[in-house]
1. Among the listed pairs K30/K114; K68/K112; K56/K94; K68/K94; K18/K112, which are separated by more than 22 Å between their Cα atoms?
2. In the neighborhood of Y85, defined by Cβ-to-Cβ distances under 11 Å, what is the net charge if each Lys or Arg adds +1 and each Asp or Glu adds -1?
Amino acid sequence: MPIAKKPTRVVKPKKVVKKVPPPAHVPVEKVPYTQENATMCICTRCPVQAESVCAKEKVRVMEAMMAKGMPEGMMPPPADLSGLYCATGVATCKDLDFNKMCICAGWPVWDKCKLGDSTPAGYFCRAGRRTNSDLRAQNRELRTETKAVRSM
Ligand code: SF4
């Protein structure tokens, strides 16, 4: 008489979800999106944007707006500004040249906002800037994902 084969147990592959460790130095808060910081921002003089038709057009529009007189404290939508990426995140212009050197370290807010401790440190127009609250949100998402995987 043939021996009945024991049914093989199906083992679900475990999905490894790694918690994102906070970098050694993480900025606590975002750079404030203010007229004062926008005025001091040096992104418009950066070689990364020097050949960008898109960035030049935004500068032209902004200069025209400023010439008309911009109310104190008023700020345009972040997408209209070709700078302050450390506050707003990735640039909307797609013709930037990241082979050129980021000059962020030269602006007055660099030290004050500990931009050198950011992730990444510089080239915020390319990758944005993560803060503690961004990392907390990311870890919350990962915890939710981990719970969902474990309950499968
Ligand atoms: S974030 Fe850095 S690389 Fe990007 S435009 Fe500003 S100074 Fe240049």
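Any read-out appearing in this document is the output of simple, stated calculations on the displayed coordinates, not a laboratory observation. Just so you know, these numbers come straight off a predicted model, no measurement behind them. Note: ideal-geometry Cβ built from the backbone for every residue, glycine included; neighbour counts use all protein chains shown.
1. On the way: K30/K114 10 Å; K68/K112 31 Å; K56/K94 12 Å; K68/K94 28 Å; K18/K112 32 Å.
Distance filter (> 22 Å) returns K68/K112; K68/K94; K18/K112.
2. Numbers: positive: R126, R129; negative: none.
Neighbour charge sum, excluding Y85 itself: +2.
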